[in-house]
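Have a look at the structure below before the remarks.
The values are calculated or read from the model by the stated rules, or taken from the named source; none is laboratory data. No experiment lies behind these values; they were computed from the predicted model shown. Counting neighbours? That spans all protein chains shown, and the Cβs are built from the backbone with ideal geometry, glycine included.
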Amino acid sequence: MGNHLSDEQPAEEGDRAQSDVAAAQPEPAGRAKAAEHPAPAASAEAGEPPRADRILRGLGFCGHYLHFHGGGRSGREPILCKLHRAGGSMSQLELGGQFELKAGSLSEILAKIEAAGLIERTRDPRDRRALTVRLTEAGEQEAQRALEAHKAFREQAFSNLTDEEQDELIVLLEKIRNRWEELA
């Protein structure tokens, strides 16, 4: 994930992203605002927000980070990586199906990637209505860099946790997912 926060970037960028995500969190149905129901004494004394808010803010930051710094669902990087995994080319129609994009939206994104010299679009000789999208050498190199960055991130993302803590996190995240599915 090529653009993730680094130690060289100002701390306030990460704080700003975290607070932006926290501010965007909808208030759960049936839950009163914190001002109406004060936080538990330990949190109130320390000046910390309620525990659920802190957890949601942390999860929100992680979701924001993974989505936006990973290129979103249909940005340039995911498209280049998808083409790379497909052997370097695929039909524009098939590519759009992979990202659940409307034809016009996909065409606009691909035009920008093509203008950057990372892909070429050509008419399929067997079906002149169909377009084939192919990575250029520069596009292949960018896809390789992105995939290497993704791999490096995955290898280091949880290195500050012990194996036991990682196993516990997996269990906790599965419990959260199950609960949220019940609430949906």
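A few notes on this one:
- Single match in 154, 145 (criterion: under 30 Å from residue 52 (Cα atoms), part of a helix (DSSP H, G or I) and among the basic types (Lys, Arg)): 154
- Subset of the range 117-130 [touching a residue at least 24 places away in the same chain (Cβ under 8 Å) and surrounded by fewer than 18 Cβ atoms within 10 Å (Cβ to Cβ)]: 121, 124, 130
- Which listed residue, of 93, 106, is of a type outside the set (Phe, Trp, Tyr), under 22 Å from the mean Cα position of the chain (by Cα) and not in a strand (DSSP E or B): 106
- Residue list for the range 58-80, filter: at pLDDT below 80 and farther than 29 Å from residue 133 by Cα: none
- Inter-residue pairs, beta-carbon under 8 Å, first under 24 Å from residue 84 (Cα atoms) and in the range 150-168, second assigned to a helix (DSSP H, G or I), 6+ apart: 150/81
- Within the range 79-103, residues that are in contact (Cβ under 8 Å) with a residue 12 or more places away in the chain have Cβ atoms under 6 Å from residues that are part of a loop (DSSP other than H, G, I, E, B) in these pairs: 99/74; 101/74, counting only partners at least 6 apart in sequence or on another chain.
- Criterion violated by residue 83 - all others in (1) hydrophobic (A, V, I, L, M, F, W, C); (2) surrounded by 15 or more Cβ atoms within 10 Å (Cβ to Cβ); (3) out of contact with any Leu (no Cβ under 6 Å at 6 or more places or on another chain) satisfied: (3)
A quick yes/no check of all residues on (1) closer than 16 Å to residue 78 by Cα; (2) out of contact with any strand residue (DSSP E or B) (no Cβ under 6 Å at 6 or more places or on another chain):
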| position | (1), (2) |
| --- | --- |
| 96 | yes, yes |
| 101 | yes, yes |
| 108 | yes, yes |
| 112 | yes, yes |
| 121 | no, no |
| 124 | no, no |
| 128 | no, yes |
| 133 | yes, no |
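- Within the option set 108, 94, 114, being surrounded by fewer than 13 Cβ atoms within 10 Å (Cβ to Cβ) and not assigned by TED's automatic domain parsing to the domain that holds residue 58 holds for one residue only, 108.
- Any hit, the range 145-152, residues being under 30 Å from residue 88 (Cβ atoms), touching a helix residue (DSSP H, G or I) at 6+ places or on another chain (Cβ under 7 Å) and surrounded by 11 or more Cβ atoms within 10 Å (Cβ to Cβ): yes
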